[in-house]
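Shown next, in C-alpha cells, is the structure this report addresses.
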Amino acid sequence: MPIYEYTCAECGRRSSAFFKVMPEEPPADQACAHCGSTKTEKAVSRVAYVRSVQSRHEASGDPDAPGYDYWRDPSNIGRWAEKRMDEAGIEMPDRVREMIGQAREGEVDKILDKRGLD
C-alpha cells in the first residue's frame with residue numbers, strides 16, 4: 001500500500017495520503033489534512049526503521065536495572081509504570097494506559113498538548 005506525503009503551501013504542514021493500489025502517477029492536488037487546501041506539493045517521504053517492541057526492550061535493558069539511556073525512550077517510562085503497577089496488584093487506569101500507548105507510538109507531543117504542557 002503506497003503512502004504519499006504532501007506539503008501544504010497554505011499552512012506549511014505535511015499530510016499523508018494512503019492508497020489501496022499503486023497508481024501509475026502520484027496523485028496531484030491532494031487536500032491538506034490540516035487546513036483542507038489543495039495547494040499541496042508532493043514531498044520526499046521520510047524513512048523509518050521499524051523495530052518490534054521486543055527488540056526495543058532488549059536494546060533498552062531491564063526496567064529493574066535501567067542503563068544510562070533507558071529513560072531517553074519515552075516508551076520505557078510506560079514499561080516501568082506497567083511493571084510496578086502489576087507488581088503492586090493495581091489495575092492501570094484507562095487514561096494512563098492510553099498515554100503509555102501514545103508514548104510508545106512516539107506521540108509524546110500529543111500527550112503534552114492535551115495537558116497544556118507544550
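Each value in this text was obtained by applying a stated rule to the coordinates, not by laboratory testing. Owing to the predicted nature of the structure, the values given are computational and were not obtained by experimental measurement. All Cβ positions, glycine included, derive from the backbone under ideal geometry; neighbour counts span all protein chains shown.
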In terms of the Cα gyration tensor, with a ≥ b ≥ c the square roots of its eigenvalues, is segment 3-43 rounded because a/c is under 1.5, prolate because a/b exceeds b/c, or oblate? prolate
Diffing segment 58-65: the Karplus 3J(HN,Hα) column from phi (6.51, -1.76, 1.60, θ = phi - 60°), in whole Hz with x for Gly and Pro, holds 4, 5, 7, x, 7, x, 7, 9
Put in order of increasing Cβ neighbours within 10 Å, starting from the fewest, Glu105, Glu82 give Glu105, Glu82
Taking segment 1-96, which chymotrypsin sites (Phe, Trp or Tyr not before Pro) meet the DSSP loop condition and have no more than 10 other C-beta atoms within 10 Å? Tyr49, Tyr68
Around Ala43, which amide H atoms from residues at least 5 apart in sequence, or from another chain, sit under 5 Å from its own amide H, with H modelled in the peptide plane? Glu5, Tyr6, Thr7
If R₀ is 30 angstrom, what is the calculated FRET efficiency for the pair Asp69 and Glu105, using the beta carbon separation as r and rounding to 0.05? 0.95
Which of the peptides 32-45, 88-101 is most tightly packed, and how do the rest follow, judged by the mean count of other Cβ atoms within 10 Å per residue? 32-45, 88-101
Once you charge only the Cβ atoms, +1 for Lys and Arg and -1 for Asp and Glu, what is the size of the charge dipole of segment 3-43 about its Cα centre, to the nearest 20 debye? 180
In nanometres, what is the gap between the two model label sites at Glu10 and Arg97, each 7 Å from Cα along Cα-to-Cβ? 3.9
